[in-house]
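Engineer: Please read through the structure below; I'll follow up with questions.
The values are calculated or read from the model by the stated rules, or taken from the named source; none is laboratory data. The structure presented is a predicted model; accordingly, all values stated were derived computationally and were not measured. Neighbour counts run over all protein chains shown; Cβ positions are idealised from the backbone, glycine included. Please note that ligands, DNA and RNA were not included when accessible areas were found on the heavy atoms of the full protein model with its side chains. Shrake-Rupley method; radii C 1.70, N 1.55, O 1.52, S 1.80 Å.
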Amino acid sequence: MIHVKARSSPYPGSQVKRFPVHDDNVSWSREWAEYDPVDYTAECVKAGPEWADPDFRESDQLKHAPRFNELDGRIDRRSYLGVYELDKDNLPRNPMGRTGMISRGLLGKWGPNHAADPIVTRWKREGGEKVIHKLSGKPILQFISIKRKDCGQWAIPGGMVDAGEHPSTTLKREFGEEALNSLRIPRCEKDRIRKQFQAIFSKENAVKIYAGYVDDPRNTDSAWIETVAVNFHDDTGNSVGDLNLHAGDDAEDVQWCDIDKNLQLYASHLQFLKSVTELWGGHW
Ligand code: RP5
């Protein structure tokens with residue numbers, strides 16, 4: 001896999017253009033003296049919110065230099081891809097190669113920024129029967145998809161792991177916030193939703209699909225997204241059937257979406273769905 005979206009311009013939420021990187025020049029093992037990546041950090045990151053690291057390159061912040069490749073207090077700076085290198089300025093180097101940009105762009109952490117993606121699936125049914133795709137002859141899987149507010153693209157309702165949070169908690173929290181608008185659920189509804197959650201997000205029901213790099217348009221040479229994608233499949237459709245889908249937080253819409261290789265989805269999300277169809281024998 002060679003990252004593509006991580007080299008796209010303009011950079012999300014800006015007019016900033018990356019230094020163009022041709023496929024042949026992505027790998028760090030390729031010498032490229034002319035490489036001159038754009039240095040960019042979004043204002044919202046520079047403002048120093050609690051989810052962002054300080055800019056440890058500034059002399060008064062040196063004491064805050066992150067402990068790369070380690071569990072650094074409550075922040076996990078280890079990569080699923082193994083030990084990552086640091087460049088001559090002590091900045092982490094994106095293990096998937098050049099992106100045309102250094103510093104953090106919109107990402108808060110130097111190095112890996114950990115996310116979690118819950119893939120909730122069921123079979124498409126009509127009159128109780130599974131719907132079979134005409135071309136592949138295989139039953140069609142559906143997943144819960146959200147429309148991202150930042151770019152308008154459909155996506156898995158994932159999100160960033162908070163400091164000290166286990167990714168299994170992130171999966172539920174993000175799903176609740178984005179697909180059920182849990183932050184605004186009335187108190188009287190909370191008990192019912194909690195029971196539904198326990199049924200869908202049980203350990204027995206969880207299948208890890210992927211843990212690794214995400215080809216996200218926000219990645220830079222010094223900061224990138226890694227995720228763990230976990231599938232929660234409801235074979236009968238009974239526990240997910242009466243989920244009350246309501247977009248919330250970073251999502252502007254939510255729906256059950258038929259899985260098919262022609263979907264246009266955010267970042268590497270289509271690749272995760274392919275693995276899900278292989279797992280259950282669904283149409284692709
Ligand atoms: C993607 O960005 C991940 O796969 C995850 O879905 C998402 C996390 O970022 P936010 O949704 O929190 O912006 O790379």
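Engineer: Work out which GluC sites (Glu not before Pro) in the chain are exposed loop sites (DSSP not H, G, I, E or B, at most 16 other Cβ within 10 Å) and give the longest gap free of them. Each step should come with its number before you reach the end.
Structural biologist: Numbers: sites that count: Glu31, Glu34, Glu50, Glu58, Glu70, Glu85, Glu165.
Free of exposed loop sites, the longest segment is 166-284.
Engineer: I want to check the label-to-label distance for Trp256 and Asp24. Put each point 7 Å from Cα in the C-beta direction and report it in nm to one decimal.
Structural biologist: Spacing of the two 7 Å Cα→Cβ label points: 5.0 nm.
Engineer: If each residue of separation counts as 0.36 nm, what is the full-extension length gain between Lys190 and Leu279 once their alpha-carbon separation is subtracted? Each step should come with its number before you reach the end.
Structural biologist: Values: separation 89, 0.36 × 89 = 32.04 nm, distance 3.24 nm.
Contour length minus the Cα-Cα distance gives 28.8 nm.
Engineer: For a quick size check, give me the Cα extents of segment 186-230 along its three principal axes, largest first, whole Å.
Structural biologist: In descending order, the Cα extents are 47, 27, 12 Å.
Engineer: Over every pair of different alpha-carbon atoms in the chain, take the mean of 1/r and invert it; report that Kirkwood radius in Å. List each step's numbers first, then the result.
Structural biologist: Values: mean 1/r = 0.0496 Å⁻¹.
Computed over Cα pairs of the chain, the Kirkwood hydrodynamic radius comes out at 20.2 Å.
Engineer: Post the alpha-carbon centroid distance, segment 12-85 to segment 97-149, in whole angstrom.
Structural biologist: After rounding, the separation between the Cα centres reads 25 Å.
Engineer: How big is the antiparallel share of DSSP beta bridges in the chain, given as a percent to the nearest 5? If you can, show how the numbers build up before the last one.
Structural biologist: Working: 27 of 43 bridges.
If we restrict to bridges inside the chain, about 65 percent are antiparallel.
Engineer: Once the Cβ-Cβ distance between His246 and Glu31 is put in as r, and R0 is 45 Å, what FRET efficiency do you end up with, to the nearest 0.05? It would help to have the intermediate numbers written out before the result.
Structural biologist: Values: r = 52 Å, r/R0 = 1.17.
In this case the efficiency is close to 0.30.
Engineer: Once you list every other residue whose beta carbon is under 11 Å from the beta carbon of His22, what net charge do they have if Lys and Arg are +1 and Asp and Glu are -1? Don't jump to the answer; show the numbers that get you there.
Structural biologist: Values: positive: Arg7, Arg30, Arg98; negative: Asp23, Asp24.
Within the 11 Å Cβ shell, the charges total +1.
Engineer: Can you show me the helix-derived [θ] at 222 nm for the chain, built from DSSP H runs with n ≥ 4 at -39,500 (n - 2.57) apiece and divided by the number of residues, rounded to the nearest 500.
Structural biologist: Values: 5 runs with 47 residues, N = 284.
Calculated mean residue ellipticity at 222 nm is -4500 deg cm²/dmol.
Engineer: So for segment 79-167, if I pair up every lysine 8 or more residues apart or on another chain, how many of those pairs have alpha-carbons under 20 Å apart? Please list the in-between numbers first.
Structural biologist: On the way: Lys88/Lys109; Lys124/Lys134; Lys124/Lys138; Lys130/Lys138.
Here the count comes out as 4.
Engineer: Here is a follow-up. Given springs between every Cα pair under 10 Å in a Gaussian network model of the chain, which of Asp235, Asp216, Asp258 has the largest fluctuation?
Structural biologist: Greatest mean-square fluctuation among the candidates belongs to Asp235.
Engineer: Extension gain Val207-Gln15, at 0.36 nm per residue separation less the Cα-Cα distance, in nm?
Structural biologist: 65.2 nm
Engineer: Please check the chain for the longest run free of trypsin sites (Lys or Arg not before Pro) that are loop-located per DSSP (anything but H, G, I, E, B) and have at most 12 other Cβ atoms within 10 Å. Can you show the working numbers first?
Structural biologist: Values: sites that count: Arg30, Arg67, Arg74, Lys88, Lys134, Lys261.
Formally, the longest exposed-site-free interval is 135-260.
Engineer: Average the reciprocal distances over every distinct pair of alpha-carbons in segment 1-100, invert the result, and give the Kirkwood radius in Å. Working shown, then result.
Structural biologist: Details: mean 1/r = 0.0646 Å⁻¹.
It works out to 15.5 Å.
Engineer: Which value in Å is the Kirkwood Rh of segment 173-284 over different Cα pairs? Write out the running numbers ahead of the final one.
Structural biologist: On the way: mean 1/r = 0.0632 Å⁻¹.
By the Kirkwood definition, the hydrodynamic radius is 15.8 Å.
Engineer: Moving on to the next point. Once the whole set of protein chains is in place, how much accessible area is left on Met1, using a 1.4 Å probe, in Å² to the nearest 10?
Structural biologist: In the full protein context, Met1 sits at about 130 Å².
Engineer: Something else now. Less than 13 Å Cβ to Cβ from Asn205, Lys/Arg counted +1 and Asp/Glu -1: what total charge do the surrounding residues give?
Structural biologist: On the way: positive: Arg122, Lys172, Lys203, Lys208; negative: Glu204, Asp234, Asp235.
Summing Lys/Arg as +1 and Asp/Glu as -1 gives +1.
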